[in-house]
Amino acid sequence: MNQDAVKGARQSLHGQWSSRLAFILAATGSAVGLGNIWRFPYVAGESGGGAFVIIYLGCILLIGLPVMMSEVLIGRRGRRNPVRTMAVLGEEEGSTRFWGLVGGMGVVAGFLILSFYSVIAGWSLAYVVESASGAFTGADSAAVQAVFGGLTDSVSRLGIWHTLFMVLTVVVVARGVQKGLERAVRVLVPALLVLLFVLLGYAITSGGFAEGAAYLFRPDFSEVTGGVVLMALGQAFFTLSLGMAAIMAYGAYLPEDTSIGSTSITVVVADTSIALLAGLVIFPIVFANGLAPDQGPGLIFLTLPLAFGDMAGGQFFATLFFVLLSFAAWTSAISMIEPAVAWMVERFDVTRAAAASVVGVIIWLLGFLTVMSFNVLSGATFGAGTIFDNIDHLTSNIMLPLGGLLIVVFAGWVMSENSTANELDLATPARYRLWRFLARYVAPVALVAVFLNAIGLF
Ligand code: TRP
């Protein structure tokens, strides 16, 4: 019996992707979401543009890619929920079962991230209705501001859309990995791409394209602080869904004969292209309308309606765009609770539906902290800003990079060369050595340096 047959004997309890393409679609569905279209432009705008973008791209390549490959390989080797997988592999590789705590931290991070993600996805749902009803047709900046303010000022309106989004997420997760996830992503990502190109066409003719593109790609490194580098790192983890074992959970359902290297590269390239495309759409519109790039989380919700309001067929395109954005958020949200749900199913022997419901209710309740950060509690600021800003900062900039560090150290140092080489099965020995060098040295050193830098020690 060969090695693969031995490994293949370990099966996931939760089923398997039907093909390599299905995994790519699911992982891309997880990666492509609000992080690319909502978070990337607003964080880049707050961090001064070009230099942030370059550092972000560096983080994607040198840290994001090796961490993603590590998550997938650990997941596939363990074939269980991330908590169990890390514990079992920890023991198998001669270390300890306490590595399971990394999976546990991922579960907690997923709860926190989805609690605000769902609220922002709710904005997108609300904008579907606004767009369809023609609220943005011919609208100027003040009119768009009024629509956005009317939504975010209201606890009940934000709460209702957040509730709806959580219900949608729980329903898909309850139905399981193949039935729920695969179908949703197949049309979505290509359709979103097409719409972004429509918007790009508008942005090019908006009069602000040169300025927008320069803002995005011309770095001014004098603006770079430790905080900016940490934001870029956090954005890299957030947009690739890394550091909380979401991709590890998906890796557990990956067929044995699928190449981890090329699938990871496909996902990373797709995700990064979509973020850059979104930036190339948003900033020209920002400058063409004399708006500020650093206006925070409302950025795309305040700028894109101006573009739609101004273009032929804008009402139709706007509605379609926010439908697609909501779908993209949906396929991402699913991956945030898959680790928790898989863990509960294995640990407590409950059904997926029961696990997803319990997890959903907890996150739904937590979400009201974010709902209220935009109105009744908007004055309650500390640390990074509002309660929402703090949950986002804690998860994206601290928990995800820390989880990523532990994951890549586990794959690079704890797991034997034999195990990782066998699981990755890269086309050439040189590629394996490159991965191992990135996983053992480059990514951990860079991660630790960014942390030390951010707290002012380096
Ligand atoms: N990557 C997704 C986005 O860009 C969000 C996401 C999904 C995520 N799963 C995650 C972020 C896990 C961090 C961790 O919208």
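Being more than 13 Å from the ligand (Cβ to nearest atom) and at positive phi is the filter here; which residues of the stretch 234-279 pass it?
None; the set is empty.
Only residues in the stretch 124-137 that are within 12 Å of PRO305 (Cα to Cα) count as the first member; pair them with residues that are in a loop (DSSP other than H, G, I, E, B) and of a type in the set (Phe, Trp, Tyr), Cβ under 7 angstrom, at least 6 apart or cross-chain, and list the lot.
As it stands, the answer is GLU130/PHE136, since those pairs meet every condition given.
Here is a check on your reading of the model: is MET372 at pLDDT 95 or above and within 27 Å of VAL173 (Cβ to Cβ)?
Against the criterion (at pLDDT 95 or above and within 27 Å of VAL173 (Cβ to Cβ)), MET372 qualifies.
Got a sec? Which of TRP343, TRP330, TRP364 is in contact with a Lys or Arg (Cβ under 8 Å, 6 or more places away or on another chain), farther than 30 Å from PHE209 by Cα and either of a type outside the set (Ser, Thr, Tyr) or more than 16 Å from the ligand (Cβ to nearest atom) (or both)?
The unique qualifying residue is TRP343.
Only one residue in VAL72, VAL102 is within 16 Å of the ligand (Cβ to nearest atom), under 22 Å from SER416 (Cα atoms), touching a helix residue (DSSP H, G or I) at 6+ places or on another chain (Cβ under 6 Å) and open to solvent by 10 Å² or more (accessible area, probe 1.4 Å). Which one?
VAL102
Can you find a residue in the stretch 259-281 that is of a type in the set (Asp, Glu) and open to solvent by 40 Å² or more (accessible area, probe 1.4 Å)?
For the stretch 259-281, residues of a type in the set (Asp, Glu) and open to solvent by 40 Å² or more (accessible area, probe 1.4 Å): absent.
Rundown of residues vs (1) touching a Ser or Thr at 6+ places or on another chain (Cβ under 6 Å); (2) over 25 Å from VAL286 (Cα atoms); (3) of a type outside the set (A, V, I, L, M, F, W, C), yes/no style:
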| residue | (1), (2), (3) |
| --- | --- |
| MET311 | no, no, no |
| THR319 | yes, no, yes |
| LEU325 | yes, no, no |
| SER332 | yes, yes, yes |
| MET336 | no, yes, no |
| VAL341 | no, yes, no |
| VAL358 | no, yes, no |
| VAL361 | no, yes, no |
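Would you pick out the residues in the stretch 371-418 that are within 25 Å of ASP153 (Cα to Cα), open to solvent by 30 Å² or more (accessible area, probe 1.4 Å), out of contact with any Pro (no Cβ under 9 Å at 6 or more places or on another chain) and in a loop (DSSP other than H, G, I, E, B)?
Selection gives VAL376, LEU377, SER378, GLY379, ALA380, THR381, GLY383, ALA384.
Using beta carbons and a limit of 7 Å, which pairs, at least six apart or on different chains, have the first residue in the stretch 23-40 and more than 9 Å from the ligand (Cβ to nearest atom) and the second one not in a helix (DSSP H, G or I)?
PHE23/TRP17; PHE23/LEU254; PHE23/THR258; ALA26/TRP17
Could you identify the single residue in LEU188, LEU192 that is within 14 Å of the ligand (Cβ to nearest atom), touching a Phe, Trp or Tyr at 6+ places or on another chain (Cβ under 6 Å), closer than 25 Å to ILE113 by Cβ and not aromatic (Phe, Trp, Tyr)?
Testing whether each residue is within 14 Å of the ligand (Cβ to nearest atom), touching a Phe, Trp or Tyr at 6+ places or on another chain (Cβ under 6 Å), closer than 25 Å to ILE113 by Cβ and not aromatic (Phe, Trp, Tyr) leaves just LEU188.
Please state which of the following conditions ALA292 fails to meet, knowing it meets all the rest: (1) assigned to a helix (DSSP H, G or I); (2) more than 30 Å from VAL88 (Cβ to Cβ).
Of (1) assigned to a helix (DSSP H, G or I); (2) more than 30 Å from VAL88 (Cβ to Cβ), only one is false for ALA292: (1).
Kindly list, by first and then second residue, each pair from a residue in the stretch 406-425 that is touching a residue at least 12 places away in the same chain (Cβ under 8 Å) to a residue that is among the basic types (Lys, Arg) and outside any loop (DSSP other than H, G, I, E, B), limited to pairs with Cβ atoms under 6 Å and residues at least 6 apart or on different chains.
From residues that are touching a residue at least 12 places away in the same chain (Cβ under 8 Å), the pairs are GLY412/ARG440; GLU423/ARG77.
Read through the list (1) farther than 17 Å from THR272 by Cβ; (2) open to solvent by 10 Å² or more (accessible area, probe 1.4 Å), then give the number of the only condition that PRO82 fails.
Failing condition for PRO82: (2).
Being more than 13 Å from the ligand (Cβ to nearest atom) and either crowded, with 24+ Cβ neighbours inside 10 Å or modelled with pLDDT under 90 (or both) narrows it down to one of PHE348, PHE316, PHE322, so name that one.
Just a single option satisfies the conditions, and that option is PHE322.
Which condition does LEU199 not pass, out of (1) out of contact with any Gly (no Cβ under 6 Å at 6 or more places or on another chain); (2) closer than 26 Å to LEU426 by Cβ; (3) of a type outside the set (Gly, Ala, Ser), if it passes all the others?
Every listed condition holds for LEU199 apart from (2).
So in the stretch 423-447, with the set limited to residues that are assigned to a loop (DSSP other than H, G, I, E, B) and not hydroxyl-bearing (Ser, Thr, Tyr), which one is most open to solvent (accessible area, probe 1.4 Å)?
By that ranking, first place goes to ASP425.
Picking from SER124, SER156, SER118, which residue would you name as being part of a helix (DSSP H, G or I), of a type in the set (S, T, N, Q) and exposed (fewer than 15 other Cβ atoms within 10 Å of the Cβ)?
Just a single option satisfies the conditions, and that option is SER156.
Those residues that are surrounded by fewer than 20 Cβ atoms within 10 Å (Cβ to Cβ) and assigned to a helix (DSSP H, G or I), I need them from the stretch 210-249; list them, please.
ALA210, GLU211, ALA213, ALA214, PHE217, PHE221, SER222, GLU223, GLY226, GLY227
Consider the stretch 302-361. How many of its residues are under 30 Å from GLY45 (Cβ atoms), touching a helix residue (DSSP H, G or I) at 6+ places or on another chain (Cβ under 8 Å) and among the aliphatic types (A, V, I, L, M)?
Total satisfying the criteria: 16.
Hey, can you tell me all the residues within the stretch 86-99 that are over 26 Å from the mean Cα position of the chain (by Cα), of a type outside the set (D, E, K, R) and open to solvent by 30 Å² or more (accessible area, probe 1.4 Å)?
Correct list: GLY94, SER95, THR96, PHE98.
The values are calculated or read from the model by the stated rules, or taken from the named source; none is laboratory data. These figures come from a predicted structure and were not determined experimentally. Heads up, the Cβs are rebuilt from the backbone with ideal geometry, glycines too, and the neighbour counts pull from every protein chain shown. For accessibility, only protein heavy atoms count, side chains too; no ligands or nucleic acids. Shrake-Rupley method; radii C 1.70, N 1.55, O 1.52, S 1.80 Å.
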